[in-house]
1. Got at least one residue in the range 194-211 being farther than 19 Å from residue 125 by Cα and in a strand (DSSP E or B)?
2. Which residue is farthest from residue 89 (Cα to Cα), if the candidates are limited to the range 388-401 and must be touching a residue at least 24 places away in the same chain (Cβ under 8 Å) and surrounded by fewer than 24 Cβ atoms within 10 Å (Cβ to Cβ)?
3. Quick one: which residue in 184, 199 is in contact with a strand residue (DSSP E or B) (Cβ under 8 Å, 6 or more places away or on another chain) and modelled with pLDDT under 90?
4. Of the residues that sit in the range 146-169 and are part of a strand (DSSP E or B) and touching a residue at least 60 places away in the same chain (Cβ under 8 Å), which one is surrounded by the fewest Cβ atoms within 10 Å (Cβ to Cβ)?
5. Can you give me the number of residues within the range 442-478 that are assigned to a helix (DSSP H, G or I), in contact with a helix residue (DSSP H, G or I) (Cβ under 8 Å, 6 or more places away or on another chain) and touching a residue at least 24 places away in the same chain (Cβ under 8 Å)?
6. Take the conditions at pLDDT below 65, in a helix (DSSP H, G or I), within 25 Å of the chain's Cα centre (by Cα) and on the phi < 0 side of the Ramachandran plot and apply them to residue 389. Does it pass?
7. I need the full set of residues from the range 215-237 which are part of a strand (DSSP E or B) and in contact (Cβ under 8 Å) with a residue 60 or more places away in the chain, in order please.
């Protein structure tokens with residue numbers, strides 16, 4: 001029997017990267033639970049080695065720059081509402097895209113965050129299963145009894161795929177998705193087991209007879225041998241549209257940080273997570289050093305044993321209200337380690353490196369840089385985020401069009417979903433705004449161009465036509481000159 005759980009090598013190779021980034025996003029509890037995976041044991045010996053490592057790890061501080069950066073970048077994408085235009089009969093996707101009550105915007109926020117973490121995800125237009133000869137009626141669709149939904153899949157779940165070039169078009173002919181299915185539920189406790197959703201495009205070279213077939217696989221309870229451990233749990237089913245006709249394409253789209261092809265893209269947050277962990281290890285060393293040698297130690301030299309037995313049997317108290325009596329020729333001093341700045345300098349260096357990669361919130365103080373360096377850094381960061389946002393937008397438009405196919409809407413041009421790609425990391429200051437208005441007043445730029453500059457700076461929000469109408473209306477209310485909005 002085939003190995004349905006086979007995972008492609010490029011996916012396996014990236015598992016450690018994805019796990020590291022996700023652990024960093026989860027925060028300190030996940031990082032410390034991983035133990036020596038992220039914080040190697042120092043050179044310890046003796047019976048207390050295990051307990052000493054626990055203390056070493058406990059004192060370390062994991063400052064979650066990776067998570068805060070992800071939140072900030074997602075916030076920039078959704079600082080403006082997405083543009084959504086759906087044809088009649090499909091508007092319900094905006095308020096409930098997955099059949100579980102999640103809005104289109106909510107789901108896409110999760111997808112943007114996921115691609116920042118791993119550089120890869122997928123969207124499946126999941127069609128309800130119709131019996132042979134059954135056709136979804138308009139009444140069924142309008143009442144919500146039968147409807148498609150859009151399901152996101154993580155990079156780790158997309159384990160296998162095949163593509164074929166047919167007539168100059170690249171078609172997905174095999175897709176295997178790793179899932180979990182609920183197999184036991186008593187109303188309180190539930191249990192799950194691994195499942196594999198398999199989708200194939202049969203006869204891709206001939207569109208007239210091609211069709212998409214879906215199956216769900218599981219592990220056998222009692223396999224007869226190690227080479228025969230999987231079986232079909234459900235299916236196979238032929239995926240049909242609302243007319244009962246078979247689909248000609250697998251309704252799935254890849255989403256990536258670079259582009260939306262099947263290749264595995266780089267995870268944008270991976271480099272930050274690597275520096276974040278190195279910063280965590282430096283923190284452990286700083287805290288350990290401070291704990292071991294940070295306190296002053298009293299040193300007494302030249303004491304005789306008789307003097308110690310006679311005068312110090314009960315211990316030593318020292319401070320401004322105590323005196324230490326010494327025998328002739330003896331001496332007392334405080335031994336205190338000098339500051340070791342190397343681990344701290346390494347931490348500061350990594351903080352600056354993380355800032356350069358997008359972590360803006362480590363400390364209030366800003367990294368000094370020239371105007372040119374700042375502009376280059378902002379352009380580089382925005383370009384990665386812009387590309388990601390555009391890819392997510394295009395993937396949703398494609399997934400919505402797939403779902404529309406079940407509802408009788410075949411024109412992909414009618415499905416519009418556009419995320420914000422205009423990121424103004426550095427806002428325009430008052431002097432720059434004054435200069436922009438002066439250029440407009442000097443007729444060097446148009447009113448619309450001036451408005452666009454203010455819009456990018458986050459100052460103006462209204463559409464140009466709405467802004468002109470409101471400005472004229474407010475001027476008229478003050479008794480000032482009112483220009484006719486119609487231009488008459």
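The values are calculated or read from the model by the stated rules, or taken from the named source; none is laboratory data. Bear in mind that the values here come from a model prediction, so they are computed numbers and not experimental data. Note: ideal-geometry Cβ built from the backbone for every residue, glycine included; neighbour counts use all protein chains shown.
1. Residues of the range 194-211 farther than 19 Å from residue 125 by Cα: 194, 203-209.
Filter again for in a strand (DSSP E or B), leaving 194.
Yes; the residues of the range 194-211 include at least one that is farther than 19 Å from residue 125 by Cα and in a strand (DSSP E or B).
2. Step one: filter the range 388-401 for residues touching a residue at least 24 places away in the same chain (Cβ under 8 Å), giving 388-396, 398-400.
Going one step further and asking which of them are surrounded by fewer than 24 Cβ atoms within 10 Å (Cβ to Cβ), we end up with 390, 393-394, 398.
Details: 390: 25, 393: 21, 394: 21, 398: 17 Å.
Here the answer is 390.
3. On the way: 199 fails: modelled with pLDDT under 90.
Going through 184, 199 in turn, the sole match is 184.
4. Restricting attention to the range 146-169, the residues satisfying the condition of being part of a strand (DSSP E or B) are 149-154, 158-166, 169.
Going one step further and asking which of them are touching a residue at least 60 places away in the same chain (Cβ under 8 Å), we end up with 149-150, 158-161, 163.
Details: 149: 18, 150: 24, 158: 23, 159: 18, 160: 18, 161: 19, 163: 15.
Applying the filter and picking the extreme gives 163.
5. 2
6. Values: at pLDDT below 65: no; in a helix (DSSP H, G or I): yes; within 25 Å of the chain's Cα centre (by Cα): yes; on the phi < 0 side of the Ramachandran plot: yes.
No; evaluated as a whole, the condition is false for this residue.
7. Within the range 215-237, the first condition is being part of a strand (DSSP E or B), and the residues that meet it are 215-219, 230-237.
217, 230, 231, 237 - these are the residues of the range 215-237 that are part of a strand (DSSP E or B) and in contact (Cβ under 8 Å) with a residue 60 or more places away in the chain.
Residues checked against (1) in a helix (DSSP H, G or I); (2) surrounded by 13 or more Cβ atoms within 10 Å (Cβ to Cβ); (3) modelled with pLDDT under 70; (4) in contact with a helix residue (DSSP H, G or I) (Cβ under 6 Å, 6 or more places away or on another chain):
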{"site": "279", "(1), (2), (3), (4)": "yes, yes, no, yes"}
{"site": "286", "(1), (2), (3), (4)": "yes, yes, no, yes"}
{"site": "300", "(1), (2), (3), (4)": "no, yes, no, no"}
{"site": "306", "(1), (2), (3), (4)": "yes, no, no, no"}
